[in-house]
Amino acid sequence: RYNVMAGHPVYFAAGFGKLPDLAEARQLITSARENYLRHRMTAQGSWGDFLEPISNTLGNSRLYNPRTAITGYVVTRDWSMPSGVVVFEWDSFFNAVLGSLINPYRSRRTIQLVLSRQFPDGMIPNFFNSSAGIPNGRSEPPVEAMCVWELYQRSPDKAFLRWVYPKLVATHNWWISKNPRTGLPYRDVNMDGLLEYRNGPESGMDDSPMYDNAPTDPVSSVMELDDVGLSSLWATDAGYLARIAAVLGHPHQAA
């Protein structure tokens with residue numbers, strides 16, 4: 001037991017080999033803190049330093065995935081224990097954008113973590129568990145190219161852009177490509193040029209009653225409901241893919 005009070009912290013040192021004495025450990029911690037405060041991104045104004053809670057939350061939700069050997073930002077630490085790291089698709093892409101304010105490298109690793117479970121046909125599952133695998137056949141709204149572009153604006157890394165671009169194209173095309181089981185487009189089963197979600201949870205709005213009464217196509221198990229929001233997001237995705245293609249020197253693909 002240790003008695004802890006304001007101004008009198010308790011220090012612990014752990015490691016391999018010879019450990020520094022307590023005075024040296026204190027100095028290491030102090031120097032590291034001063035360096036962090038000197039270089040960390042801050043904000044001012046009527047909202048105060050709103051970047052600090054973003055940094056704190058992302059720091060708490062940064063977990064190591066043993067299956068992929070990647071550390072990335074998850075939605076919440078609480079959902080990841082004890083059954084393994086739970087990764088949600090668009091949540092982690094949005095977290096990557098937030099993380100670009102603090103640690104762009106970790107943001108890129110987060111995107112790599114999500115894409116590590118992309119299917120050969122291009123689909124990205126809406127979530128997966130590092131222990132139990134992928135439990136469903138649904139994706140989430142197509143915001144990937146937008147998030148990658150925002151990350152690139154804050155931290156240009158053309159090598160990462162080259163790596164991620166074909167994966168983004170594959171998931172973009174998946175929405176309208178043919179499902180070999182049904183012979184119909186995965187998410188345009190009535191083939192009218194507008195997209196449909198498979199179900200409400202695929203929309204990312206989880207418990208929203210908006211989709212409760214939508215009928216389901218018996219062949220494809222996709223809702224018989226053209227979704228204007230989904231079609232708009234998919235069109236936006238194409239716009240950001242065009243920007244990425246132009247940066248990478250693919251004018252025909254951009255067009």
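Before moving on, here are some points about what is shown:
- Qualifying positions in the range 211-231 - surrounded by 13 or more Cβ atoms within 10 Å (Cβ to Cβ) and farther than 22 Å from Arg181 by Cα: Tyr211, Ala214, Asp227, Gly229, Leu230, Ser231
- Subset tally (residues that are within 18 Å of Tyr186 (Cα to Cα) and not in a loop (DSSP other than H, G, I, E, B)) for the range 203-218: 2
- Among the residues making up the range 74-84, those that are open to solvent by 10 Å² or more (accessible area, probe 1.4 Å) and under 24 Å from Leu101 (Cβ atoms) are Val75, Thr76, Arg77, Asp78, Trp79.
- For the range 225-255, a tally of residues being part of a loop (DSSP other than H, G, I, E, B) and closer than 19 Å to Pro142 by Cα returns 3.
- Residue ID - nearest to the chain's Cα centre (by Cα), chosen from residues in the range 189-202 that are surrounded by fewer than 20 Cβ atoms within 10 Å (Cβ to Cβ) and part of a loop (DSSP other than H, G, I, E, B): Asn199
- Here Arg106 passes the criteria (1) farther than 24 Å from Pro185 by Cα; (2) among the charged types (D, E, K, R); (3) modelled with pLDDT of 95 or more; (4) under 14 Å from the mean Cα position of the chain (by Cα) except the one numbered (3).
- Look at the range 47-65: where a residue is part of a helix (DSSP H, G or I) and a partner is open to solvent by 90 Å² or more (accessible area, probe 1.4 Å) and not hydroxyl-bearing (Ser, Thr, Tyr), sitting 6+ places away or on another chain with Cβ atoms under 6 Å, you get Leu51/Met41.
- Against the numbered list (1) modelled with pLDDT of 90 or more; (2) at positive phi, Tyr73 comes up short only at (2).
- Of the criteria (1) among the polar types (S, T, N, Q); (2) out of contact with any Leu (no Cβ under 9 Å at 6 or more places or on another chain); (3) surrounded by 10 or more Cβ atoms within 10 Å (Cβ to Cβ), which one Asn65 fails: (2)
- Members of the range 5-27 that are surrounded by 11 or more Cβ atoms within 10 Å (Cβ to Cβ), among the hydrophobic types (A, V, I, L, M, F, W, C) and in a loop (DSSP other than H, G, I, E, B): Ala13, Leu19
- Those helices (runs of 4 or more DSSP H) of the range 104-175 that lie entirely within it include none in which at least 3 residues are free of Cβ contacts under 8 Å to residues at least 40 places away in the same chain, open to solvent by 30 Å² or more (accessible area, probe 1.4 Å) and aliphatic (A, V, I, L, M).
- If the condition is being assigned to a loop (DSSP other than H, G, I, E, B) and in contact with a strand residue (DSSP E or B) (Cβ under 8 Å, 6 or more places away or on another chain), then the range 70-102 contributes Val74, Val75, Arg77, Ser83, Gly84, Val85.
The values are calculated or read from the model by the stated rules, or taken from the named source; none is laboratory data. For clarity, every value in this text was computed on a predicted model and none was experimentally measured. Using ideal geometry, Cβ is built from the backbone for each residue, glycine included, and neighbour counts are taken over all protein chains shown. In case anyone asks, the SASA skips ligands and DNA or RNA and just uses the protein heavy atoms, side chains included. Shrake-Rupley method; radii C 1.70, N 1.55, O 1.52, S 1.80 Å.
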